[in-house]
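A quick write-up on the structure given underneath.
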Amino acid sequence: MTAAAIGTHQTCPQCQGHLAGTDPAPPWCPACEWNLGAFDRHRVPRMWGLRAADRADHWLAFRLNRRQHASLAGRPVGHHGNPLARVAMLLLAAPLVLLVPLVLVAGVLLTLAGSIGAVLGPVLILCVLIMVWPHRRERHRNPWTVDRTAAPALFALLDRVATAAGTPMPHEVHLDHDVNAYSVVTLRRRRILGIGLPLWASLEPQERVALLAHEFGHFVNHDSRRGVVVLGGLRVLRAMLNMLTATVRQGSLWMVPVAVVVTPVLWLLSAALLVLSGRDGQRAEYLADRIAVRVAGSAATADLFDGLLVAGDLPAAMTAGHRNLADPRGWRTAGTALRASAPLESLRLLSLRHDAALLRSHPPTGLRHRMVRSRPEEQPQVAPTEQEWAAIDGELAPWFTRLARRLND
């Protein structure tokens, strides 16, 4: 989004200031944030199959995001969320997770019984496979694994960040072509850190430290969304909703009455589980941000969020500038240019609208930036030298060559 795209027109009915926004997006006021929570149907994808459900999702998420931020601003972010909410999550999710083996057993028994069961049984088994099959993102991530032997300087930095953050080291470090970074704990309790090379290269050096510290923070912030039971329950609900929606869209009229009755129940269950886990998830994200501030400093962490605001435009900027995808300096130049040309303050505010969804895994970037800036300034504990960064860049050079090949393909 360019500065020209956020023109001003009309007058705010609340503070008489100029309104921002262009048609067909709803106007909003940058001064008092009037109408910032309006639903933009052209920007919000269909997430629940019905626009009415999407509107309700957005309305609820926007207000919960604001309330969560207000409750944590200026206060310590606890390592554990509301215990009653955690119990409620387990009570909602556990039966859904148990539904998978029960349906699978029923499908096998019906198949063996013969007659009409020979038809219903395989259908039930297929439904189970859809529920447990990895998401498209999980199947096609295909990262590269880097170890301490291949990248000693990088791992030396990871050791320093882990020590400063008070977190354990990851068991595996993955490099990825995504404009993203992630940290996960597998069912085998293995900690995995993933670094998206485009995002990494586009950031300033100290912002990279903040990115690592934030991801390390997820190893100790007790995020309920990463629990097996809650994650499994959400996946089952999502799969059931997708199956119902797909069946109706394919013209199966006999499924319409079933969908009319079952879909609202599933949506309400999903909404309840997402609201409970999402509030705890936002606490976990804010805690990870707090750890990033402690390790990398307030300024670098706040600037990292500005980098995230424009990160989605990095591939297009690289292509438009005819830059070498294998050269980290090209990604850095593209990231710097995007920030310089973007109306960052407006984008921070608009993130409150665009990122308002119960399925969003993070709080709006603008609220995360606001949270960091609302606290006293902190200096970094880990600040690598230029020589250390040069050594890390040299170690990652072969993977940027692989990155260029993958993106070109």
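At-a-glance table
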read-out	value
Inter-site label distance for Arg46 and Ser71 at 7 Å from Cα along Cβ, in nm	3.4
Using a Förster distance of 56 Å, the FRET efficiency for Asn242-Cys15 (Cβ separation, nearest 0.05)	0.85
Mean separation of Cα contacts under 8 Å (6+ apart) over length of region 243-376, as relative contact order %	28
In Hz, Karplus ³J(HN,Hα) per residue of region 63-73 (6.51, -1.76, 1.60; θ = phi - 60°; x = Gly, Pro)	6, 5, 4, 5, 5, 4, 4, 5, 6, 9, 4
Relative contact order, percent, region 299-340 [alpha-carbon distance under 8 Å, six or more residues apart]	45
Phi to ³J(HN,Hα) by Karplus 6.51 cos²θ - 1.76 cosθ + 1.60 over region 232-249, Hz, x for Gly, Pro	x, x, 5, 5, 5, 4, 4, 5, 5, 5, 5, 5, 4, 4, 5, 5, 5, 5
Residues with amide H under 5 Å from that of Ser183, placed H, sequence gap 5 or more	Gly194
Whole-Hz ³J(HN,Hα) from phi, Karplus 6.51 cos²θ - 1.76 cosθ + 1.60, for region 22-33, glycine and proline x	10, 4, x, 6, x, x, 8, 10, x, 7, 10, 6
Inter-probe distance in nm under a simple model that places probes 7 Å from Cα toward Cβ, at Ser361 and Val260	3.8
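Here, each number is a calculation from the coordinates, and none is a lab measurement. Remember, it's a predicted structure, so these values are computed and weren't measured experimentally. All Cβ positions, even for glycine, are placed from backbone atoms using ideal geometry, and neighbour counts span all protein chains on display.
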